[in-house]
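What follows is one structure encoded as structure tokens, with my remarks underneath.
The values are calculated or read from the model by the stated rules, or taken from the named source; none is laboratory data. Owing to the predicted nature of the structure, the values given are computational and were not obtained by experimental measurement. Note that we place each Cβ from the backbone using ideal geometry, even for glycine, and neighbour counts take in every protein chain shown. Keep in mind that these areas ignore ligands, DNA and RNA; they rest on the heavy atoms of the full protein, side chains included. Shrake-Rupley method; radii C 1.70, N 1.55, O 1.52, S 1.80 Å.
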Amino acid sequence: MDFHELSDIPHSVEQREDFSGEKVNPLIVFYPRSEEDVVRIVKFANSNKIPIIPWGSGTSLTGAVSCDKNCILIDMSRMNKVIEINEIDWYVRVQPGMKLVDLFEELEKKGFMLPPDPASFFLCSVGGAVSESSGGMKGVKYGSFREWVLAIKVVLPSGEVVKIGEPLRKNRAGYDILHLFVGSEGTLGVITEIWLRIIPLPKRKIVTILALLRDFESAGEVILGLRKNRILPELSEYVDSDVIKALNKHLNAGLKETEGGMLLISVEEDLVNDVLKVLDGKAVEVKVAEGEEAEKLYSLRAQAAIAVKAEAKNVFYAEDIVVPISKLPEAIKRLKEIGNKYNTKFYVISHIGDGNLHPNIVIEDEELRQRAFEEIARMAIELGGSVSGEHGIGVQKAKLMAEQLIKHNGYRVLDLMYQIKRLIDPNDIMNPNKFVELSYKLADSYK
């Protein structure tokens with residue numbers, strides 16, 4: 001393929017790998033410096049019917065950025081500026097290639113915060129977080145990126161540029177097309193600007209409670225207790241005993257190792273005693289942390305997946321199921337049963353406060369690993385949950401997404417999603433054969 005007409009746009013030819021180890025082998029990698037560069041690349045790809053894969057930082061866990069020698073990879077890392085921080089209307093306007101951690105730092109300087117904080121925040125890009133509708137450790141209180149995106153500019157597969165949404169807290173003009181693109185995994189267009197809602201940094205003191213639990217089951221009981229007592233934490237995160245060992249081994253975490261794992265609960269200072277009452281009888285040790293100590297615990301939790309990856313030597317699938325909070329005890333019980341069935345540990349990392357569980361499957365045999373992975377996802381479907389809370393679908397969960405939608409919503413809903421993809425991307429160049437499109441193709445056996 002001759003890319004001569006795009007030769008003035010920075011480019012390279014290279015193979016890449018995402019966080020899960022999925023190989024990405026494009027024809028060429030372009031590094032657009034502006035929206036105009038993106039438009040030229042997309043128009044060229046559409047005219048020549050070459051697939052396009054937008055690339056943020058490669059932290060995908062589902063094969064969402066995979067391609068094999070037949071695609072153009074658009075690396076957005078050079079479009080990495082904050083365009084505006086509006087201190088009256090409380091939004092930030094930012095380019096998609098900016099690292100999320102850098103955006104957090106810029107906002108903090110102005111006394112603001114963007115609450116969604118995926119554990120990969122120190123690696124991932126803003127555009128990637130929007131495209132995946134990432135959640136994070138504060139999701140229990142603040143939700144995922146879906147709740148914080150006000151507007152975007154996007155280059156459609158035709159090369160047209162459209163602004164969708166408005167930087168307003170209220171806007172009822174037309175269909176909510178904005179949230180078709182948030183979480184669309186790069187299958188509908190290339191995002192070039194994003195307006196995100198921001199809020200002032202909290203004035204009240206936030207305290208983190210570290211609880212070393214009796215057992216995994218106690219984690220579910222604690223979350224139910226918080227709900228029953230009307231306590232809404234800033235975050236409530238869990239890692240099991242094997243994750244603690246991995247953190248100590250690979251990151252020198254210095255955490256105490258206990259059979260029941262560790263629960264982190266952050267609340268406003270006046271709620272500490274209420275949380276301690278809920279923990280009574282469920283923890284073997286409880287500690288209240290503030291300041292640098294609390295920040296260290298937060299950082300270790302954010303790096304838990306890196307420790308697990310190092311321990312598993314890249315042989316792992318990262319699950320991402322969500323169950324209703326009321327079903328957490330049942331989900332935990334069944335997760336342990338599945339682990340016993342396959343004679344394996346699951347290295348559980350969890351945004352447990354909102355029912356989002358990440359069992360990491362480290363079975364060496366690929367067929368058994370896939371079977372365990374699917375069994376866990378189907379358990380979530382049976383309990384009225386979802387196969388993905390924040391990691392997305394990509395290639396890895398397309399079949400399971402079809403099962404979920406058909407069982408919970410009916411085939412017509414999946415069909416509507418597929419028709420939207422066909423309408424916006426008739427030449428099927430935007431990250432093809434993944435997500436909704438692949439789910440639709442795999443759905444016949446579940447109808």
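Observations on the model:
- Considering only the chain, percent of DSSP beta bridges that pair antiparallel, nearest 5: 85
- Sulfur and carbon atoms: percent of accessible area, the chain [1.4 Å]: 49
- Residue among 179, 250, 358 with the largest mean-square fluctuation in a Gaussian network model of the chain, springs linking Cα atoms under 10 Å: 250
- A simple count of charges around residue 382, restricted to other residues whose Cβ falls under 10 Å of its Cβ and scoring Lys, Arg +1 and Asp, Glu -1, yields +3.
- With Cα atoms, 0 to 90° folded angle of helix 411-424 axis to the chain main axis: 40
- For region 272-313, the residue among 281, 307, 294 whose Cα projects farthest onto the positive side of the dipole built from Cβ charges is 307.
- Choice from 24, 13, 308 with maximal GNM fluctuation in the chain (Cα, 10 Å cutoff): 13
- Relative contact order (percent, whole number), region 177-276, Cα cutoff 8 Å, 6+ residue spacing: 37
- Simple spin-label estimate for residue 343 and residue 168 in nanometres, 7 Å along Cα-Cβ: 6.3
- Rounded tilt (10° steps) of 241-251 against the dominant C-alpha axis of the chain: 60
- Length released on extending from residue 105 to residue 313, taking residue separation times 0.36 nm less the Cα-Cα span: 71.7 nm
- The calculated 222 nm mean residue ellipticity attributable to helices in the chain amounts to -10500 deg cm²/dmol, summing -39500 (n - 2.57) over DSSP H runs of n ≥ 4 and dividing by all residues.
- As a length-normalised measure over Cα pairs under 8 Å and 6 or more apart, the relative contact order of region 235-358 settles at 39 percent.
- Whether region 11-88 is rounded, prolate or oblate, judged on the alpha carbon gyration tensor where a/c under 1.5 counts as rounded: oblate
- Neighbours of residue 115 by Cβ distance under 10 Å: Lys/Arg scored +1, Asp/Glu scored -1, total 0.
- Within-15-Å neighbourhood charge of residue 347 [Cβ basis; K, R +1; D, E -1]: -1
- Relative contact order %, region 48-96, counting alpha carbon pairs below 8 Å whose residues are six or more apart: 33
- In this structure region 69-151 gives 37 Å² per residue of accessible area when probed at 1.4 Å with all protein chains present.
- Residues of region 292-333: accessible area per residue with a 1.4 Å probe, Å²: 42
- As a calculated quantity, the FRET efficiency between residue 47 and residue 12 at R0 = 22 Å, using C-beta atoms, amounts to about 0.50.
- Shape analysis of region 241-386 places it in the oblate category; the axes a ≥ b ≥ c from the Cα gyration tensor give an a/c of at least 1.5, with a/b not above b/c.
- The chain: angle of helix 291-302 to the longest principal axis, Cα-based, in degrees nearest 10: 60
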